[in-house]
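Here the structure is laid out as structure tokens; the discussion comes afterwards.
The values are calculated or read from the model by the stated rules, or taken from the named source; none is laboratory data. Here the structure is a predicted model, which is why all the values come from computation and not from measurement. A quick note on method: Cβ atoms are made from the backbone with ideal geometry, for glycine too, and the neighbour counts reach across all protein chains shown.
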Amino acid sequence: MDSDAEYESLFREEFPAVMRSVFLICHDANRSQDITQDAFVQLLRHWKKVSRYERPGAWVRRVAIRLAMQSVRRERLRSVLERQADPPASTRSVDVDVIKAIHTLPRMQRAAVVLFYFEDLPVVEVADIMGCAEATARVHLHRARSVLGELLGEEVFDDVP
């Protein structure tokens with residue numbers, strides 16, 4: 001059997017069991033799938049070496065378990081820090097409803113709003129930081145303003161230069 005076929009066979013055989021183990025550690029189906037896929041990507045990167053091991057499936061399982069444990073640790077720490085966090089002084093003057101509404105936006109729209117309105121950056125810099133075209137940043141801002149206007153019951157004006 002050639003190397004690609006061996007990898008594919010191992011993938012088909014081990015993926016469900018590895019994902020189940022990861023799920024039992026992190027209790028999140030989507031995160032389990034992502035972590036398991038990441039482990040198999042690492043396996044593919046190291047396949048030339050790992051394929052010679054007696055049990056390459058054990059190698060990928062070990063990698064996946066380590067990634068899952070790191071993810072759980074990171075999530076637990078994030079949760080603790082969020083509970084302990086006091087909003088920065090600069091956001092204390094911002095209406096709580098506005099902050100809640102911003103958190104409902106998709107991540108790119110949320111980033112555009114924060115960078116443009118709270119960081120007071122020009123659209124060119126917003127686009128650069130977000131890694132997109134200036135026109136794309138403007139679209140994110142426009143859509144975000146529309147959603148925020150609806151959520152907050154405010155009239156929306158196109159104020160992006």
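Residues of segment 29-50 that are free of Cβ contacts under 8 Å to residues at least 12 places away in the same chain and basic (Lys, Arg): Arg45, Lys49.
The residue that is nearest to Phe23 (Cα to Cα), counting only those in segment 71-83 that are of a type outside the set (Ser, Thr, Tyr) and touching a helix residue (DSSP H, G or I) at 6+ places or on another chain (Cβ under 9 Å), is Val72.
Condition check ((1) surrounded by fewer than 10 Cβ atoms within 10 Å (Cβ to Cβ); (2) touching a Gly at 6+ places or on another chain (Cβ under 9 Å); (3) among the small types (Gly, Ala, Ser)) across all residues:
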residue	(1), (2), (3)
Leu10	no, yes, no
Phe15	no, no, no
Met19	no, no, no
Asp38	no, no, no
Gln42	no, no, no
Arg52	yes, no, no
Arg62	no, no, no
Glu75	no, no, no
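Go through the residues of segment 54-69 one by one and say whether even a single one is part of a loop (DSSP other than H, G, I, E, B) and either at pLDDT below 90 or not hydrophobic (A, V, I, L, M, F, W, C) (or both). Yes, some residue in segment 54-69 is part of a loop (DSSP other than H, G, I, E, B) and either at pLDDT below 90 or not hydrophobic (A, V, I, L, M, F, W, C) (or both). On inspection, Glu8 fails the criterion of being touching a residue at least 24 places away in the same chain (Cβ under 8 Å) and more than 13 Å from Ala68 (Cβ to Cβ).
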